[in-house]
Amino acid sequence: MAKASEVKSGNILRFNGELIVVEEFLHRTPGNLRAFYQARMRNIKSGKLVEYRFRTDEEVTICRVETNDYQYLYEDGEFLVVMDNSSFEQFNIPKSLFGDQIKFLKEGMNVVIAFESEEPISAQTPQHVELEVTYTEPAVKGDTSTSALKYATVGADVEIKVPMFINQGDKVKVDTRTGEYIERVK
């Protein structure tokens, strides 16, 4: 247990039995009233935003979170199997932790996973991935005068918008957070 005055933005707390990440933590001293800490926190599992006022001497539980690099091996039902790069130990991670980024995962890709006491609480893919364009319509001559975009299928049936000069078989760099085209890879 720690005092509320020891909490910082980015800490993960156990609050009302749930794991939450502190997004903003401000010390307030309003006029002639007692000082307090105003916290804006987000529930890790549900994503729900929570606001709370802590007394300066209030006890809180700061969780110890270990973040490490893992290699994605394969899909197993509702789980993804990953391997620790240093100990070669394998873990089953729920697909839901990856969110929309799961469609950009390829076997052998490195991912970052955070554990709190043997329980995975968050997972991230790399920010950018390189994927091959498996299908796209050919560009029509004259359509390239503006920055027009067309649809292209990359990787495992993921559809993104790419510039007209991208052809089938080209490799493109894609932002996994937004799903947007970044550049063509030579």
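Only one of the numbered conditions (1) out of contact with any Lys or Arg (no Cβ under 8 Å at 6 or more places or on another chain); (2) farther than 28 Å from ARG14 by Cβ; (3) surrounded by fewer than 16 Cβ atoms within 10 Å (Cβ to Cβ) is not met by GLN71, and that is (3).
Which residue out of ALA156, ALA152 is over 22 Å from ASN43 (Cα atoms) and modelled with pLDDT under 85? Going through ALA156, ALA152 in turn, the sole match is ALA156. Residues in the range 95-113 that are closer than 11 Å to THR67 by Cβ and touching a Pro at 6+ places or on another chain (Cβ under 7 Å): ILE113 only.
Does LEU131 satisfy the criteria of being buried (at least 18 other Cβ atoms within 10 Å of the Cβ), hydrophobic (A, V, I, L, M, F, W, C), closer than 27 Å to LEU19 by Cα and out of contact with any helix residue (DSSP H, G or I) (no Cβ under 6 Å at 6 or more places or on another chain)? Here the answer is no, as LEU131 does not meet what is asked. Entry remark, the range 96-124: residues being among the basic types (Lys, Arg) and touching a strand residue (DSSP E or B) at 6+ places or on another chain (Cβ under 6 Å) number 1 in total. Restricting attention to the range 33-61, the residues that are surrounded by 16 or more Cβ atoms within 10 Å (Cβ to Cβ), assigned to a strand (DSSP E or B) and in contact (Cβ under 8 Å) with a residue 40 or more places away in the chain total 2.
The values are calculated or read from the model by the stated rules, or taken from the named source; none is laboratory data. Computed from a prediction, not measured in an experiment: that's the story for all the values here. Heads up, the Cβs are rebuilt from the backbone with ideal geometry, glycines too, and the neighbour counts pull from every protein chain shown.
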